[in-house]
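Following: one structure in structure tokens, then a few remarks.
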Amino acid sequence: MLIPEFRCEAGQTIALVGPSGCGKSTFLNLIAGIIRPSTGSIFIDEIDVTTLRRAASAAFRLSRIGLIFQEFELIEHLSVGDNILLPYHLGRQTTRSAIEKRGRDLASQLGILPYWDTLPSALSHGERQRAAIARALSTRPRLLLADEPTGNLDPENKKKALELMHLTAKEHDQGLLVVTHDLELLDSFDTVIHFEELNQSGKQLMP
């Protein structure tokens, strides 16, 4: 994978499309600092995340980046509410009451508030996906990275989730980068990038 240059500005929404297996998910993991590139640098808020040690990288990710994984990555022994609030508990010194309202508001907007005290195993795939979206948005991150965030949602909940992600991006100057195969979503994004064009030697692409 060779990407000469890529930029996502504050408040900008970008959809990343391309065939399965071309490296889109790997690209998100590189940006998030979950895996490290063999060469080059990745700057978020003027910080080169490729230079951070493991603990510092995890702390940076918790404070600046919201992640929506394709496989949800919910903690099965925690309730939906505790999963949504998990980034706060891991990364911030604050009381539960101070942040629970934010989490409950997101759960309500996504239609999963009735499951606040329910374990993920009792939820449908669509409900689990909405819990993962609420968790990623809970800290108002500077950058939201989403891997197929609406793939398990019915049309009504897909619309709600997408509108919420876009609204959050615009209201909080949050960068939004979404990997998707759903071509129906593309009109709502500022920029659409075909990954096979971005991932080419000698080609610079700056949305």
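The values are calculated or read from the model by the stated rules, or taken from the named source; none is laboratory data. Worth saying up front: this structure is predicted, and the values here are computed from it rather than measured. Please note: Cβ atoms are built from the backbone with ideal geometry, for glycine as well, and neighbour counts cover all protein chains shown. Just so you know, the surface numbers come from the protein's heavy atoms only, side chains and all, with ligands and any DNA or RNA stripped out. Shrake-Rupley method; radii C 1.70, N 1.55, O 1.52, S 1.80 Å.
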For this session: Give me the lysines in straight-line cross-link reach of Lys101: C-alpha distance below 26 Å, same-chain residues under 8 apart excluded.
Result: Lys158, Lys159, Lys160, Lys170
For this session: Could you check the simple spin-label distance between Ala58 and Ser121, using points 7 Å along Cα→Cβ, in nm with one decimal?
Result: 2.5 nm
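Per residue, how much accessible area does the chain show when a 1.4 Å probe rolls over the protein heavy atoms, in square angstrom?
On the way: 10430 Å² over 207 residues.
Result: 50 Å² per residue.
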Seminar exercise, completed: Helix 125-137 sits off the longest principal axis of the Cα atoms of the chain, rounded to the nearest 10 on a 0 to 90 degree scale, by 70 degrees
For this session: Find the percent of Cα-Cα distances in region 68-175 that exceed 16 Å, and round it to a whole number.
Result: 54 percent
Exercise. How would you classify region 115-186 from its alpha-carbon gyration tensor, with a ≥ b ≥ c the square roots of the eigenvalues: rounded for a/c under 1.5, else prolate if a/b is greater than b/c, otherwise oblate?
Worked result: oblate
For this session: Name the most mobile residue of Arg128, Arg53, Arg102, meaning the one with the largest mean-square fluctuation, in a Gaussian network model of the chain with Cα contacts below 10 Å.
Result: Arg53
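Compute the Cα gyration tensor for region 5-48, then decide on rounded, prolate or oblate, letting a ≥ b ≥ c be the square roots of its eigenvalues: rounded whenever a/c is under 1.5, prolate when a/b is larger than b/c in the other cases, and oblate in all that remain. It would help to have the intermediate numbers written out before the result.
Working: a/c = 2.24, a/b = 1.15, b/c = 1.95.
Cα axes put region 5-48 in the oblate bin.
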Seminar exercise, completed: Where a ≥ b ≥ c are root eigenvalues of the Cα gyration tensor, a/c under 1.5 meaning rounded, otherwise prolate if a/b exceeds b/c and oblate otherwise, region 1-127 counts as prolate
Exercise. With labels modelled as points extended 7 Å from the Cα through the Cβ direction, what inter-label distance (nm, one decimal) is found for Glu76 paired with Glu46?
Worked result: 4.5 nm
